[in-house]
1. What residue among GLU14, GLU55, GLU194 shows peak mean-square fluctuation when the chain is described by a Gaussian network model with Cα springs under 10 Å?
2. What length, rounded to one decimal in nm, is gained on full extension from MET1 through to GLU215, with 0.36 nm per residue of separation minus their alpha-carbon distance?
3. Per residue and in Å³, how big is the convex hull formed by the alpha-carbon atoms of the range 42-122?
4. With n ≥ 4 as the cut-off for DSSP H runs, can you work out [θ] at 222 nm for the chain, using -39500 (n - 2.57) per run divided by the number of residues, rounded to the nearest 500?
5. To the nearest 0.05, what FRET efficiency results for SER59 and GLU176 with a Förster distance of 22 Å applied to their C-beta separation?
6. Can you give me the distance in nm between label points at ASP160 and GLU95, each placed 7 Å from the Cα along the Cα-to-Cβ direction?
7. Determine, at each q value in 0.16 (inverse angstroms), the log₁₀ of I(q)/I(0) that the Debye formula gives when each Cα of the chain is one equal point scatterer.
8. Springs between alpha-carbon pairs under 10 angstrom, Gaussian network model over the chain: which of LYS186, LYS50, LYS81 fluctuates most?
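Just so it is clear, none of the values below were taken in a lab; they were calculated from the coordinates. The structure displayed is predicted, hence computed values, not measured ones. A quick note on method: Cβ atoms are made from the backbone with ideal geometry, for glycine too, and the neighbour counts reach across all protein chains shown.
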Amino acid sequence: MKLDEQVITRAIIERFTQKWIDHLDLDVAIVGGGPSGLVAAYYLAKNARKVALFERKLSIGGGMWGGGMMFNQIVVQDEGKEVLDELGISTHPFEGYHTADAVEATTTLGSKACQAGAKVFNLMCVEDVIIRQTHGQESARVVGLVINWSAVEKAQLAVDPLTVHARFTIDVTGHETELMRIIERKSGSRLLTETGKIMGERSLWAEVAEHTTLENTREAFPGVYVAGMAANATFGSYRMGPIFGGMLLSGKKAAELIIQRLEQDTNIS
Ligand code: 48F
């Protein structure tokens, strides 16, 4: 077969543009493609929700590739293993815990999320949010995201961004909890935390952090849920190091909570 460079170029531009146009109005926008974001994307897409995930880097996977200190193995407890089992990721028992190969876990999470129908937009960074106070609603809520190419951010070019609308957003940006920081800075409203502000991540305490990651997986500003490390950073709990059960379960919980909210909205309308 003769290769036609023009067709190859047109295929890429047209297919990408179509994917982008089809995902300008979402049920759920996920900011960050680490383990929590990928698990949330998988469960939402499996539930037939229109979901797109935005990841600043070239590769999805966040901090999961490197296991602990670049020894590329992860550790999960029994509850976390259930998520890995469901996704078909192999685990191996180790003194009451389970280990998994970080590369197998990361690549499989990514591929299962995509195969379930989630669309990943890598090399894009979320630089702002759209906040509106809609008629009949008490408080302002996030209704969309402001997006730019990571290359624009990196080169510090003064190029205006584009936007996407979403009924719900998940901040899964990890330790930095970037989206909530933008909302804290720009909304002029209190966050749904005890102090009304980002409470900040505390130092390492795996046992407590694994539990609180799940407790803290909730709405942190109207329309925005936090999951993964962003949940503990927002609500002021500990980091946990390379045990990943909490990250996986948190992504799953965020998806389940949002699915319930979307169902409530459908029943009301
Ligand atoms: O850091 P990350 O893996 O977050 P996570 O899903 O998992 C945390 C664990 O990896 C580990 C841990 C477990 O014990 O503590 O650290 O909570 O993934 C966050 C992703 O979000 C991307 C970032 O590049 C990374 O891949 N990200 C951060 N800010 C933005 C973003 C942004 N503004 N726009 C797009 N992507």
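1. Result: GLU14 has the largest fluctuation of those listed.
2. Values: separation 214, 0.36 × 214 = 77.04 nm, distance 5.68 nm.
Gain in length upon complete extension: 71.4 nm.
3. Once divided by residue count, the hull of the range 42-122 is 85 Å³.
4. Details: 9 runs with 110 residues, N = 269.
Computed mean residue ellipticity for the chain: -13000 deg cm²/dmol.
5. Values: r = 18 Å, r/R0 = 0.80.
The computed FRET efficiency comes out at 0.80.
6. 5.9 nm
7. Values, matching the q order: -1.22.
8. Largest GNM mean-square fluctuation: LYS186.
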